[in-house]
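**Student:** Here it is: the structure, laid out below.
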Amino acid sequence: MTTGGGDMSETLLSVEGVTKRFGSTLAVDDAAFRLARGELIGIAGHNGAGKSTVLNVVTGRLAGDAGTVTLDGTTRDATVPVASADALGIRIVFQELSLCPALRVDETAAVFDRSARGTSWRTAAWNHLQTVLDEMFPGHGIRRQQQIRDLSIARRQMIECAAAMLPGEVPAKLVILDEPTSSLDASSTESFYAYLHRRAAEGLSAIVTTHRLHEMIDNLSRLYIMRDGRIVSEEVAATSTKESLVAAMGIGGHEAARERTVSDVERPPVPGDAPVRVHIGDRATGAEIELRAGEIIGLGGLEGHGQVAVLEALAKAARSRLPGPKRTLRQDVTVDGTVAYVSGDRGDRGIFRYWDVGQNVTIANLKRLSTAGFLSRGAERRLVDGWWPKLGIKGGPEDPIVSLSGGTQQKALMARAMAEDSDLLLLEDPTRGVDQSTKEDVYALLRRQAAEGQCVVWYSTENEELRHCDRVLVFRSNEIVAVLAGSEATEDAILSSSFAGAPSSLSGAS
Amino acid sequence: MTQSVKVRSGTVPPPTAPKRLSVPGGTLGSWFLPVVAAVIMFVVIFAVAPAASSYLGLSLLLSSLLPLVLACLAQMFVIAAGDVDLGIGSFVGLVNVTVAAILPTHTLPGILLLIGLVVAYALMGMLIAVRRLPSIIVTLGMSFVWLGLAILILPTPGGTVPEGIVSFVDWSPPLVPGTIVAIVVVTVVVALFLNRTRYGAVLRGSGSNPEGIRRAGWSVVRTKMALYGIAGLLGVLSGIVLSGQAASGDPNIATSYVLLSIAGVIVGGGSFRGGDISPVGTVAGALVIGLIATLLQFLDVPSSYQVGTQGLVLVLILVLRAGVTWWRRRVETGGLA
């Protein structure tokens, strides 16, 4: 599955000399690329390389400073914004979620689907959306009466992807997907690209940007690499490797991506007087898992199969004030030690958006930073200064947190939790929508914490990154179905254990 | 339609497994509790004072509530936009003064002024959307403008409301009191519009996530204008009905509506998150708030205790709602969260 199919000779989109400047920053510098009808291409680059900006100019949401965009034979001046990309036949899936939490699923469908009219508008819109959803994500489990608020992030993302494919007033020629799969698990991602390929065979083109490089290599035909606002190279996906792409993107000041060696993975856990002991008892199998200090534990498996519930149960147990062993009332989880939690929903449950970065880091540690109830500014500053060099964040701690990119915000949130010096560190999908070099920073931070004796437990929707763990617990239907050593935790191994014993019809889904 | 493939299988349901139907109120939960509370209010009132269930008793009980119900619905449209309207009280007062002091002598200018007030509300929404101003400040500022205008028109309470409006408000059809007919009709129209039309969904969505609605190709300025314009229309209706009952004008007649209407929307299952409102719940919330005072009188609670008790009952309802939400979530997640 490496080609987009279709007639490569027929150009659908051709972008020439697009330039865009924000103040003194040259966000996009003379970018040019082309896309054939029925082709699926990718644009890769680090955060801030200019991917989103160039795509915004292509869709006409943003006025460029120079350049032309030719879509389906019609050339337009890139310096003039377009009121509705929809009318041009361009559909966009945005990186940040753009659904309304207060609406039901069928109402959401109708907001996107202008063709749904009349008294049964909800049914009509839902039928259209459901058709796409069923094709794109078989077994998605989304029902029309559900409120968006009650859906997991992954299911919301499924709806956004599907909504872009709804039949509109103008048939879609080009779909632009910005991190469309950041919250999706491996099998949903695979069925999503399978759907894209089917649509591409019918003549639809797509531009994908994602930090999941292997996804681009496996599913797209060509990749444009952007660095500092420039398109620096064009690669054929079939002959690219993750390493070659990372090299082309330019690591700059970041630590080079490195493969962990087996010896690195199989570092023995800190033995002896382990300050943290976690039991996760599995009622169904009777298996009991004990986590030790200094271990990095990954929770894997398909999205929504109980990983987050276990993280929350661990946090709850650790915070229990009941006498006796620290455990929750309803789960078979016992925790010995203190806990810090990094939530998966940065915007909603993570950052304090009106505060600066420093305040966002210290907020969880105010007790330690104050004497007799008064906050010590000096102690606060020492804590921030101590963490700052480890984070590698550009700018200073006085910058507003919202001025940072999502990945950098994530690092600040991790620093907040790590500064708590707890025995147990829990993280919910810490690398969602984060670029490769920031991911490496995140892994390094986790390794450092583990080396200092913390027990790190994290959940990831990206199976590939779970090899950074000492042990991986694979979940299915709220049960731990396999425990893999980090060195064995390949994508295939995790996938096959996630599906072990599942109905055979599943193979049709992937 | 059934799903052909079941990814989630096994003995334990996944955390997001649907279990909602077993929960009281189900997916429509937000209006359930306020309606129950309103029904309980009626039952207790009828038990304490059986005469209240007669045609005349019901008319007396409810007629004083109709303007508050309309004001709560007006507030609901602003809260649906993710905003708060602190000017609705003096706005209703301005309508009352217009009806009592201008309409009897200058009918056409009076009608034009009332229409102009609705337009002014829509323009206020436009200003808030275009300039991204905080609604609390804008509506608070405008509340003084409404009050100032009302005082200009009628410096001291007085005036005479036209006979037509008084008798229209006193309309007594056979069998069912006119107020009940009016409440039912208004509730049904508003609920159908907000819940069962596509633009109603877009309006709620625009309060919930304006950026999302904008990306889907709708004008967020227009949705804000629609929400505020409808709020203005309901405010004018509230003022007209209130005038019919009071029969005279007073700029300060409805100042208590500001907080009562916000309380009505919130007790009625709404939240300040935007887009999260229930028309049926709001009407029930308005009835609960209005009936608490009546009930306390019937129960012979000393008047000095009444205000405090009224507040306590409201807090109790909100605590109950939080409890139901907690329980619902626990049932839904299968006890995992």
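**Student:** Scan the range A:225-250 for residues that are open to solvent by 10 Å² or more (accessible area, probe 1.4 Å) and in a strand (DSSP E or B) and jot them down.
**Tutor:** Within the range A:225-250, A:Arg227, A:Arg230, A:Ile231, A:Val232, A:Ser233, A:Glu234, A:Glu235, A:Val236 qualify.
**Student:** Which condition number does A:Leu97 fail, the rest of (1) within 10 Å of chain B (Cβ to nearest Cβ); (2) assigned to a loop (DSSP other than H, G, I, E, B); (3) free of Cβ contacts under 8 Å to residues at least 60 places away in the same chain being met?
**Tutor:** (3)
**Student:** Every residue in the range A:135-145 that is at the interface with chain B (Cβ under 8 Å from one of its Cβ atoms) and open to solvent by less than 20 Å² (accessible area, probe 1.4 Å), please. Even if it seems obvious, please write down each step before you answer.
**Tutor:** As a first pass, look at the range A:135-145 and keep what is at the interface with chain B (Cβ under 8 Å from one of its Cβ atoms): A:138-141, A:143, A:145.
Passing the criteria: A:Gly139, A:His140.
**Student:** Let me ask something else. Is it true that some residue in the range B:277-291 is open to solvent by 30 Å² or more (accessible area, probe 1.4 Å) and within 14 Å of chain A (Cβ to nearest Cβ)?
**Tutor:** Residues of the range B:277-291 that are open to solvent by 30 Å² or more (accessible area, probe 1.4 Å), as a first pass: B:280.
The next check asks that each one be within 14 Å of chain A (Cβ to nearest Cβ); those that pass are none.
Checking the range B:277-291: not a single residue is open to solvent by 30 Å² or more (accessible area, probe 1.4 Å) and within 14 Å of chain A (Cβ to nearest Cβ).
**Student:** Pick out the one residue from A:Ala116, A:Ala83, A:Ala102 that is without any contact (Cβ under 8 Å) to a residue 40 or more places away in the chain, open to solvent by less than 10 Å² (accessible area, probe 1.4 Å), within 10 Å of chain B (Cβ to nearest Cβ) and in a loop (DSSP other than H, G, I, E, B).
**Tutor:** A:Ala116
**Student:** Looking at (1) surrounded by fewer than 17 Cβ atoms within 10 Å (Cβ to Cβ); (2) facing chain A (nearest Cβ under 7 Å); (3) of a type in the set (Lys, Arg), find the lone condition where B:Arg196 falls short.
**Tutor:** With (1) surrounded by fewer than 17 Cβ atoms within 10 Å (Cβ to Cβ); (2) facing chain A (nearest Cβ under 7 Å); (3) of a type in the set (Lys, Arg) applied to B:Arg196, the lone miss is (2).
**Student:** Separate question: Of the numbered conditions (1) closer than 29 Å to A:Arg198 by Cα; (2) exposed (fewer than 15 other Cβ atoms within 10 Å of the Cβ); (3) at pLDDT 90 or above, A:Asp30 fails exactly one; give the number of that condition.
**Tutor:** (1)
**Student:** Return the only residue of A:Glu234, A:Glu215 being without any contact (Cβ under 8 Å) to a residue 60 or more places away in the chain and farther than 18 Å from A:Thr59 by Cα. Steps first, please.
**Tutor:** On the way: A:Glu234 fails: without any contact (Cβ under 8 Å) to a residue 60 or more places away in the chain.
Criteria check complete, one pass: A:Glu215.
**Student:** A follow-up question, please. Return the residue satisfying two criteria in turn: it lies in the range B:202-217 and is more than 7 Å from chain A (Cβ to nearest Cβ) and surrounded by fewer than 23 Cβ atoms within 10 Å (Cβ to Cβ), and of such residues it is nearest to B:Phe272 (Cα to Cα).
**Tutor:** B:Pro210
**Student:** Further, regarding this structure: Can you tell which of A:Gly118, A:Gly48, A:Gly5, A:Gly38 is of a type outside the set (A, V, I, L, M), farther than 30 Å from A:Val434 by Cβ and either modelled with pLDDT of 90 or more or out of contact with any helix residue (DSSP H, G or I) (no Cβ under 9 Å at 6 or more places or on another chain) (or both)? Please lay out each step first, then the result.
**Tutor:** Numbers: A:Gly118 fails: either modelled with pLDDT of 90 or more or out of contact with any helix residue (DSSP H, G or I) (no Cβ under 9 Å at 6 or more places or on another chain) (or both); A:Gly48 fails: farther than 30 Å from A:Val434 by Cβ; A:Gly5 fails: either modelled with pLDDT of 90 or more or out of contact with any helix residue (DSSP H, G or I) (no Cβ under 9 Å at 6 or more places or on another chain) (or both).
The match here is A:Gly38.
**Student:** While we're here: I'd like to verify a number: residues in the range A:175-192 that are touching a residue at least 40 places away in the same chain (Cβ under 8 Å) and assigned to a helix (DSSP H, G or I), how many?
**Tutor:** Within the range A:175-192, the first condition is being touching a residue at least 40 places away in the same chain (Cβ under 8 Å), and the residues that meet it are A:175-180, A:182-188, A:190-192.
Next cut, assigned to a helix (DSSP H, G or I) only: A:186-188, A:190-192.
Number satisfying all stated conditions: 6.
**Student:** Right, A:Ala172: touching a strand residue (DSSP E or B) at 6+ places or on another chain (Cβ under 7 Å) and in a loop (DSSP other than H, G, I, E, B) or not? Walk me through how you get there before you give the answer.
**Tutor:** On the way: touching a strand residue (DSSP E or B) at 6+ places or on another chain (Cβ under 7 Å): yes; in a loop (DSSP other than H, G, I, E, B): yes.
Here the answer is yes, as A:Ala172 does meet what is asked.
This table checks each residue for (1) farther than 22 Å from A:Ser183 by Cα; (2) over 17 Å from the mean Cα position of the chain (by Cα).
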| site | (1), (2) |
| --- | --- |
| A:Thr438 | no, no |
| A:Val442 | no, no |
| A:Arg447 | yes, yes |
| A:Ala450 | yes, yes |
| A:Val456 | no, yes |
| A:Tyr459 | no, no |
| A:Glu465 | no, no |
| A:Val472 | no, yes |
| A:Ala485 | yes, yes |
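**Student:** For A:Val339, only one of the following conditions fails: (1) surrounded by 15 or more Cβ atoms within 10 Å (Cβ to Cβ); (2) over 29 Å from A:Gly45 (Cα atoms); (3) out of contact with any strand residue (DSSP E or B) (no Cβ under 6 Å at 6 or more places or on another chain). What is its number?
**Tutor:** All conditions are met except number (3).
**Student:** Taking the options B:Val145, B:Val169, B:Val176, name whichever one is β-branched (Val, Ile, Thr) and in contact with a Gly (Cβ under 6 Å, 6 or more places away or on another chain). It would help to see each step written out before you state the result.
**Tutor:** On the way: B:Val145 fails: in contact with a Gly (Cβ under 6 Å, 6 or more places away or on another chain); B:Val176 fails: in contact with a Gly (Cβ under 6 Å, 6 or more places away or on another chain).
Of B:Val145, B:Val169, B:Val176, the one residue that is β-branched (Val, Ile, Thr) and in contact with a Gly (Cβ under 6 Å, 6 or more places away or on another chain) is B:Val169.
**Student:** May I ask you to list the residues in the range A:352-368 that are over 14 Å from A:Pro397 (Cβ atoms) and in a loop (DSSP other than H, G, I, E, B)?
**Tutor:** Matches in the range A:352-368: A:Arg353, A:Tyr354, A:Leu366, A:Lys367, A:Arg368.
**Student:** Just to be sure before I move on: is A:Pro167 part of a loop (DSSP other than H, G, I, E, B), in contact (Cβ under 8 Å) with a residue 40 or more places away in the chain and facing chain B (nearest Cβ under 10 Å) in the structure I sent? It would help to see each step written out before you state the result.
**Tutor:** Details: part of a loop (DSSP other than H, G, I, E, B): yes; in contact (Cβ under 8 Å) with a residue 40 or more places away in the chain: yes; facing chain B (nearest Cβ under 10 Å): no.
No.
**Student:** Is there a residue being touching a residue at least 40 places away in the same chain (Cβ under 8 Å) and open to solvent by 80 Å² or more (accessible area, probe 1.4 Å) anywhere in the range B:107-120?
**Tutor:** So far as the range B:107-120 goes, no, none of its residues is touching a residue at least 40 places away in the same chain (Cβ under 8 Å) and open to solvent by 80 Å² or more (accessible area, probe 1.4 Å).
**Student:** Given the structure, is A:Val483 assigned to a strand (DSSP E or B) and over 20 Å from A:Thr338 (Cα atoms)?
**Tutor:** Against the criterion (assigned to a strand (DSSP E or B) and over 20 Å from A:Thr338 (Cα atoms)), A:Val483 qualifies.
**Student:** Can we say A:Arg149 is within 12 Å of chain B (Cβ to nearest Cβ) and assigned to a helix (DSSP H, G or I)? First the steps, then the outcome.
**Tutor:** Details: within 12 Å of chain B (Cβ to nearest Cβ): yes; assigned to a helix (DSSP H, G or I): yes.
Taking the combined requirement at face value, the residue satisfies it.
**Student:** Considering only residues that are closer than 20 Å to A:Gln157 by Cβ and more than 10 Å from every other protein chain (Cβ to nearest Cβ), look in the range A:119-129 and name the one that is most open to solvent (accessible area, probe 1.4 Å). Explain how you work it out, then say what you get.
**Tutor:** If we filter the range A:119-129 for residues that are closer than 20 Å to A:Gln157 by Cβ, which is where we start, we get A:125-126, A:128-129.
Next, from what is left, pick out any that are more than 10 Å from every other protein chain (Cβ to nearest Cβ): A:128-129.
On the way: A:His128: 63, A:Leu129: 0 Å².
Ranking the candidates gives A:His128 first.
**Student:** Which of the residues belonging to the range A:457-485 are hydrophobic (A, V, I, L, M, F, W, C), surrounded by 24 or more Cβ atoms within 10 Å (Cβ to Cβ) and more than 14 Å from chain B (Cβ to nearest Cβ)?
**Tutor:** Listed by number, the residues that qualify are A:Val457, A:Trp458, A:Leu466, A:Cys469, A:Val472, A:Leu473.
So that you can scan it fast, the table gives a plain yes or no per residue for (1) at pLDDT 90 or above; (2) open to solvent by 60 Å² or more (accessible area, probe 1.4 Å); (3) assigned to a loop (DSSP other than H, G, I, E, B); (4) not aliphatic (A, V, I, L, M):
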{"residue": "B:Ala17", "(1), (2), (3), (4)": "no, no, yes, no"}
{"residue": "B:Gly29", "(1), (2), (3), (4)": "no, no, no, yes"}
{"residue": "B:Phe32", "(1), (2), (3), (4)": "no, yes, no, yes"}
{"residue": "B:Val36", "(1), (2), (3), (4)": "yes, no, no, no"}
{"residue": "B:Leu68", "(1), (2), (3), (4)": "yes, no, no, no"}
{"residue": "B:Ala74", "(1), (2), (3), (4)": "yes, no, no, no"}
{"residue": "B:Asp83", "(1), (2), (3), (4)": "yes, no, yes, yes"}
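**Student:** I'd like the residue in the range A:400-430 that is modelled with pLDDT of 85 or more and closer than 20 Å to A:Glu179 by Cα and, out of all such residues, is surrounded by the fewest Cβ atoms within 10 Å (Cβ to Cβ).
**Tutor:** Only one residue fits best here, namely A:Glu428.
**Student:** Just to be sure before I move on: is A:Asp65 out of contact with any Gly (no Cβ under 9 Å at 6 or more places or on another chain), open to solvent by 60 Å² or more (accessible area, probe 1.4 Å), over 30 Å from A:Leu151 (Cα atoms) and in contact (Cβ under 8 Å) with a residue 40 or more places away in the chain in the structure I sent?
**Tutor:** Numbers: out of contact with any Gly (no Cβ under 9 Å at 6 or more places or on another chain): yes; open to solvent by 60 Å² or more (accessible area, probe 1.4 Å): yes; over 30 Å from A:Leu151 (Cα atoms): yes; in contact (Cβ under 8 Å) with a residue 40 or more places away in the chain: yes.
Yes.
**Student:** Does A:Arg155 meet the test of being of a type outside the set (Ser, Thr, Tyr) and open to solvent by 40 Å² or more (accessible area, probe 1.4 Å)? Working first, answer last.
**Tutor:** Numbers: of a type outside the set (Ser, Thr, Tyr): yes; open to solvent by 40 Å² or more (accessible area, probe 1.4 Å): no.
So A:Arg155 does not fit the description; no.
**Student:** Then there's this: All but one of (1) open to solvent by 10 Å² or more (accessible area, probe 1.4 Å); (2) more than 14 Å from chain B (Cβ to nearest Cβ); (3) at pLDDT below 80 hold for A:Leu506; which doesn't?
**Tutor:** (2)
The values are calculated or read from the model by the stated rules, or taken from the named source; none is laboratory data. Just so it is clear, the structure is predicted and the values come from calculations on it, not from any experiment. Note: ideal-geometry Cβ built from the backbone for every residue, glycine included; neighbour counts use all protein chains shown. The accessibility values were calculated without ligands, DNA or RNA, using every heavy atom of the protein model including side chains. Shrake-Rupley method; radii C 1.70, N 1.55, O 1.52, S 1.80 Å.
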